[in-house]
Structures are given as C-alpha cells and as structure tokens.
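Read through the structure below, which is laid out as structure tokens, and then see the notes.
The values are calculated or read from the model by the stated rules, or taken from the named source; none is laboratory data. Since the model is a prediction, treat every value here as computed from it, not as a measurement. Using ideal geometry, Cβ is built from the backbone for each residue, glycine included, and neighbour counts are taken over all protein chains shown. Just the protein is used for accessible areas: all its heavy atoms, side chains included, with ligands, DNA and RNA removed. Shrake-Rupley method; radii C 1.70, N 1.55, O 1.52, S 1.80 Å.
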Amino acid sequence: MSKKYLMTPGPTPVPEDIRLEMAKPIIHHRTKEYQAIFKDVTEGLKKIFKTSNDVYTFTSSGTGAMEASIVNVLSPGDKIIVVRGGKFGERFGDIAKAYGVEVIPVDVEWGSAPKPEVIKDTLSKNPGVKGVYTTLCETSTATVFDIKAIGQVVKATDALFVVDTISGLGADEFENDAWGVDIAVCGSQKGLMIPPGLAFCSVSQKAFKAVETSKLPKFYFNFKKYKKAWADTDTPFTSAITLVIGLKKALEKINGQGIDNVIAEHNAQARAFRAACNAIGLTIFSKSPSSAVTGVCTPAGMDADNLIKLLKTDFGVTFAGGQENLKGKIFRCAHMGGIDKEHTIESIKALEQALARLGHKFEAGSGSKAASKILK
C-alpha cells in the first residue's frame, strides 16, 4: 500500500508511538494511577503554554474551551471586543451573542493581521469593555496575529485578554504569561498531535477574579468546578482517559525536544512549503503567514477543490480547502503537530504532479528543489 499523508490543519497525523500508547488497556480515572498521569499532563501543558497559571482540561473540541472562556468571566449585557479576521474569530462573536454578551467587532480583511493601534483605539472608545478576544493563528486564512503587541495594548486596561491558540500552539511562537494573556484556549488535534476530543484553558489570577462575579449560566464548563477538582489532581467529570494517556506521551516528546525547537522546526517546514509554492508559480494567500498552516491561491481558472480531490484520490495527500468566501479559491497545507520533513517534501512532490496534470505550467521539480534548500 502506498503511504498516505494527512496535511490538514486538524486533525494532524498521530505518531505511531502515541497511537501504541493509546492502544493499551484502559484504566479507571478515579485512581492514583490516573491522577499521576493527569498531573504530568497538566504540568507538561504549562510548559507548552509557557505559563504558571492553572490549566484546565475538558473532554470537548476546542470550541468548548472557547465557550468556557466566555461563560466563566462575563455576565449578560457585558461588552467585549472580538477580532474577526476569519471563521474562528467570528465564532468567538457568535458564542458571545448566544449568551447575551454585546460584541464590538474589529473586522479585519481575511488574510491580514489586526493592527494593535486599531484595537487600542477601539478600547479607548468603549470604556468598560470586559475583554478582548482574538486568535493566535486564524486557521481559515492561515494568518498569524501579533499577540505580543496586542497584549501590550490590553495590559494597560482592565479588560481581559483572551486568545484562541487552537491551531497555533506548538507551531507559532506563543508566550502566555510574558504576553499578558489571561485565558488561552487550545485543542488536542493540532500541534499536540493526538486525536480530537480534548480542550484546554489556561486561566490567570486576573481572569479568576472575573470568574467570581460572572453571572452567565454554566455547568460542564465551570472553571470553579475544575479548580476545585484540580486541588485533588482530578477532574469534575469523566476524563477522556485514552486521549489523556496519549497526550502524556505527546507532551513528553514535545518537551523532550524543547518547545522552542519544535516551533523552529515547524517554521522551517512552513518556509520550505511557501518557497516551493512560489517556485512553481503559486501565490501565498496570507499577508501574515502562520507557521502552523499555509493558504495557497490556485492558478486562475483552477478550482482548488478539484485540485484537493485529485491530490487525495491519486496521490494520497490530503490538503484542506478554503472556507466560506475562500471555498474553491485556496487550499491549505498544515505544518504542525505530527507533520514532519517527509510529509512536507512528499506533499510538495504530489502537488507538482497534480498541478501539471491540471495544466499548470512550471519547471518540473522546482518546488522540491526550493524546499530542499531550507529543509537541509
């Protein structure tokens, strides 16, 4: 059988040693054995987030953690600023509106990063805003935001700074505490290279003060319950035991290599892929490209979805398509998590062959050659 390459921005490939760890017989979660595993996982996550704050683990997708970041610190009628530069920034706003929170949007052209001075101006014009919600990597546009600079702006106010790091954590640079992030949310199936099903929130002391006064309804995603359970190295509800066991192995691999080294590796893969695309005459969509995922415009007259279908069926390489108004216009290739040099080089080779079959003209092998100069 020919080897297949999963290059989507979630789920990402799960390395074999992690799969084998999860294949072991299941254990009971209300035991000292599991609590030791869970403690290692929580401490390991803190190193990835670069935080000394509490980190809570939910059995849910990343959207659950996004919802938790809203319902635990806000009350009906509160105002928040939401940066909407893609599908997932918009999701923050949709969740807030569902709970009766007023959303003040900072709309950013898809593929562009927000300007910190615009957020500063929006804060000054809206006194009493309770939080600024944004993303590290806007997955839908493959765009990384300058969280450090935005954090400097928000830190000068009483507002909470909440960041969706779901696709960026472990691939794009991120420093929770140094950048003044109050709540960072993440999911398991991207940079952390295990299957979907776990979500995480790091929560600062400033954020927890807001928890004490929050009046929005919450039950499962209640930070107070998770904080209380963590005092006994436990969770308030049933854990996704197998996923947590897999995550322990994944975190050992990441932290063993060093998170900064892992980020540098994914950055190199991203640069190599972009160089390859430029060499074969393709245009990168984002003006602020992420190291987690790259969005690429297809040649004029070529439907991106047709290219993606051909790559999967004939070459065993799975890319993701564009979303909403970008559907059929771009394809997206990930560089995060279990994606390594082999995945990147083989996907470039397949991309060249598929483009040639669809009539795109370029010098054969130029993409692979450009990438190899970076991935020596």
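Total residues in segment 146-169 satisfying the condition of being under 12 Å from the mean Cα position of the chain (by Cα) and under 18 Å from Ile104 (Cβ atoms): the figure is 2.
The set of residues from segment 213-252 being in contact with a Gly (Cβ under 8 Å, 6 or more places away or on another chain) and among the acidic types (Asp, Glu) comprises just one member, Glu252. Can you confirm whether segment 307-317 contains a residue that is within 19 Å of Ala371 (Cα to Cα) and surrounded by fewer than 17 Cβ atoms within 10 Å (Cβ to Cβ)? No; the residues of segment 307-317 include none that is within 19 Å of Ala371 (Cα to Cα) and surrounded by fewer than 17 Cβ atoms within 10 Å (Cβ to Cβ).
The one condition from (1) more than 23 Å from Ala279 (Cβ to Cβ); (2) among the small types (Gly, Ala, Ser); (3) crowded, with 22+ Cβ neighbours inside 10 Å that Ala304 does not meet is (1).
For (1) polar (S, T, N, Q); (2) open to solvent by 40 Å² or more (accessible area, probe 1.4 Å); (3) within 21 Å of Thr213 (Cα to Cα); (4) without any contact (Cβ under 8 Å) to a residue 60 or more places away in the chain, each residue gets a yes or a no:
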| position | (1), (2), (3), (4) |
| --- | --- |
| Tyr5 | no, no, no, no |
| Thr8 | yes, no, no, no |
| Leu20 | no, yes, no, yes |
| Lys46 | no, no, no, no |
| Ser60 | yes, no, no, no |
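Looking at Gly367, is it open to solvent by less than 10 Å² (accessible area, probe 1.4 Å) and touching a helix residue (DSSP H, G or I) at 6+ places or on another chain (Cβ under 6 Å)? In short, yes.
Within segment 65-75, does at least one residue satisfy the condition of being touching a strand residue (DSSP E or B) at 6+ places or on another chain (Cβ under 9 Å) and free of Cβ contacts under 8 Å to residues at least 40 places away in the same chain? No: zero hits. Please verify whether Thr135 is in contact with a helix residue (DSSP H, G or I) (Cβ under 9 Å, 6 or more places away or on another chain), within 18 Å of Ile80 (Cα to Cα), of a type in the set (Val, Ile, Thr) and open to solvent by 10 Å² or more (accessible area, probe 1.4 Å), treating the condition exactly as stated. Against the criterion (in contact with a helix residue (DSSP H, G or I) (Cβ under 9 Å, 6 or more places away or on another chain), within 18 Å of Ile80 (Cα to Cα), of a type in the set (Val, Ile, Thr) and open to solvent by 10 Å² or more (accessible area, probe 1.4 Å)), Thr135 does not qualify.
Taken over segment 146-188, the residue count meeting the criterion of being assigned to a loop (DSSP other than H, G, I, E, B), hydrophobic (A, V, I, L, M, F, W, C) and open to solvent by less than 10 Å² (accessible area, probe 1.4 Å) is 4. Taken over segment 317-341, residues that are touching a Phe, Trp or Tyr at 6+ places or on another chain (Cβ under 8 Å) and not basic (Lys, Arg) amount to 12. Taken across segment 200-219, residues that are in contact (Cβ under 8 Å) with a residue 60 or more places away in the chain, surrounded by fewer than 22 Cβ atoms within 10 Å (Cβ to Cβ) and closer than 12 Å to Tyr56 by Cβ do occur, with at least one present.
Summed over segment 256-276, the residues that are aliphatic (A, V, I, L, M), under 19 Å from the mean Cα position of the chain (by Cα) and open to solvent by 10 Å² or more (accessible area, probe 1.4 Å) give a count of 5. Just to be sure before I move on: is Thr294 touching a strand residue (DSSP E or B) at 6+ places or on another chain (Cβ under 7 Å), open to solvent by 10 Å² or more (accessible area, probe 1.4 Å), more than 30 Å from Phe208 (Cα to Cα) and not aliphatic (A, V, I, L, M) in the structure I sent? Judged against the criteria, Thr294 is not a match.
Taken over segment 4-46, the criterion of being of a type in the set (A, V, I, L, M), within 12 Å of Ile241 (Cα to Cα) and part of a loop (DSSP other than H, G, I, E, B) is satisfied by Ala23, Ile26, Ile27.
Selection of segment 330-347 for residues being surrounded by fewer than 21 Cβ atoms within 10 Å (Cβ to Cβ) and more than 19 Å from the chain's Cα centre (by Cα) yields Lys341, Glu342, Ile345, Glu346.
Being hydroxyl-bearing (Ser, Thr, Tyr), more than 24 Å from the chain's Cα centre (by Cα) and open to solvent by 50 Å² or more (accessible area, probe 1.4 Å) is a property that does not hold for Thr283.
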